[in-house]
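The values are calculated or read from the model by the stated rules, or taken from the named source; none is laboratory data. Everything numeric in this text was worked out from a predicted model, so none of it was measured. As a convention, Cβ positions derive from the backbone with ideal geometry for all residues, glycine included, and neighbour counts pool all protein chains shown. Surface accessibility is based on the protein's heavy atoms, side chains included, excluding ligands, DNA and RNA. Shrake-Rupley method; radii C 1.70, N 1.55, O 1.52, S 1.80 Å.
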Amino acid sequence: MGVNKKTAIITGSGSGIGAGIAKKLAQNGANVVVLDLSKQGAEETARDIINNGGKAIAVQADITSWPEINAAVEETLHVFGTIDILVNNAGAIKDSSILKMSEQDWDLVLDTCLKGSWHCCKAVLGYMRSQNFGRVVNITSRAWLGNPGQSNYSSAKAGIVGLTMSLALEFASYGITVNIVAPGFIEAPMARRLPLETQQKVINAQPIKRPGRIEDVANAVLFFCDDETNYITGQILYVDGGRHVV
Ligand SMILES: NC(=O)c1ccc[n+]([C@@H]2O[C@H](COP(=O)([O-])OP(=O)(O)OC[C@H]3O[C@@H](n4cnc5c(N)ncnc54)[C@H](O)[C@@H]3O)[C@@H](O)[C@H]2O)c1
């Protein structure tokens, strides 16, 4: 039941939503691999978990690099002996109108959000299949439905939806579920980097007129990671104050 004694890799857990997910899974008994591009961020989250009685290691890795992700998976197996849960949370934004967007900004966001998630899935799914159990949770965004100024980000997050649905089908018979959590505006660094006026506009457009909490997203991820959530796959759970309905 739950995630007790399961091993979870959470990408981008050196800050924001990822750190919240890592702490939530650790509080529920999981061994946590805090994977981030930022060594300092990863170490801070891992230290915090350990200081609160949990089990965690910090792993610095770039999800856009296949060798680095493979090495991170090897290290996880070496330390904890198993991989049961993968949360693809790391992401990046580089917003602008398509008319001003550079190819570099397109590539950075697509490589981080989409290719990075694909790398991590590819690196763990063989192992999960061999143990006939796995939970993959991909963090997209309500923005996959489209957002002006985010043609790169919306495309990458929509790509994650396709990736999730394909893998849900490919691995359903191996005890592996693959699901999506799609946050709207969450009180976390990515949203807080937007101009204040834009932040207010987004919140005003939501049926529930407050920013979401990191805890709201972490609870949704925990639900999909649970041992017992074994008949739910290929699902999108919006954590967006109802914004996707508007
Ligand atoms: N904050 C929001 O309102 C919001 C809304 C919808 C979706 N999201 C999604 O939630 C996730 C987390 O967002 P956040 O607000 O916590 O952002 P954040 O910027 O605080 O966290 C992103 C983390 O990913 C790490 N990262 C970036 N590139 C990486 C790479 N190549 N390899 C490894 N790690 C890398 C960063 O170092 C950082 O720690 C993202 O996928 C984002 O798209 C956020």
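Please report how far the C-alpha centroid of the stretch 133-156 lies from that of the stretch 195-233, rounded to the nearest whole angstrom.
If you average the Cα positions of each part, the centres end up 13 Å apart.
Using the per-residue mean of other Cβ atoms lying within 10 Å as a proxy for protection, in what order, highest first, do the peptides 238-244, 72-78 fall?
So the peptides 238-244, 72-78, ranked by packing, come out 238-244, 72-78.
Extending each Cα 7 Å along its Cβ direction at Lys5 and Asn219, get the distance between those two points in nm, one decimal.
2.8
Give, in nm to one decimal, the length gained when the segment between Asn132 and Lys94 is fully stretched (0.36 nm per residue of separation minus the Cα-Cα distance).
Extra length from Asn132 to Lys94 when fully extended: 9.8 nm.
I want to check the label-to-label distance for Arg210 and Gln40. Put each point 7 Å from Cα in the C-beta direction and report it in nm to one decimal.
3.2
Stretched out fully, how many nm does the piece from Asn147 to Tyr174 gain, at 0.36 nm a residue minus the Cα gap? All intermediate terms of the calculation are to be shown ahead of the outcome.
Numbers: separation 27, 0.36 × 27 = 9.72 nm, distance 3.59 nm.
Additional length available on full extension: 6.1 nm.
Heavy atoms only, probe 1.4 Å: what % of the accessible area of the stretch 7-239 goes to carbon and sulfur, would you let me know?
53
If you project the alpha carbons of the stretch 7-239 onto the principal axes, what extent comes out on each, in Å, largest first?
On the principal axes, the stretch 7-239 reaches 47, 38, 34 Å in Cα extent.
Which distance in nm do the two modelled labels at Glu75 and Val246 give, with both placed 7 Å along the Cα-to-Cβ direction?
Here the modelled spin labels are 4.1 nm apart.
If you place +1 on the Cβ of every Lys and Arg, -1 on the Cβ of every Asp and Glu, and leave all else neutral, what size is the dipole of the stretch 7-239 about its Cα centre, to the nearest 20 Debye?
560
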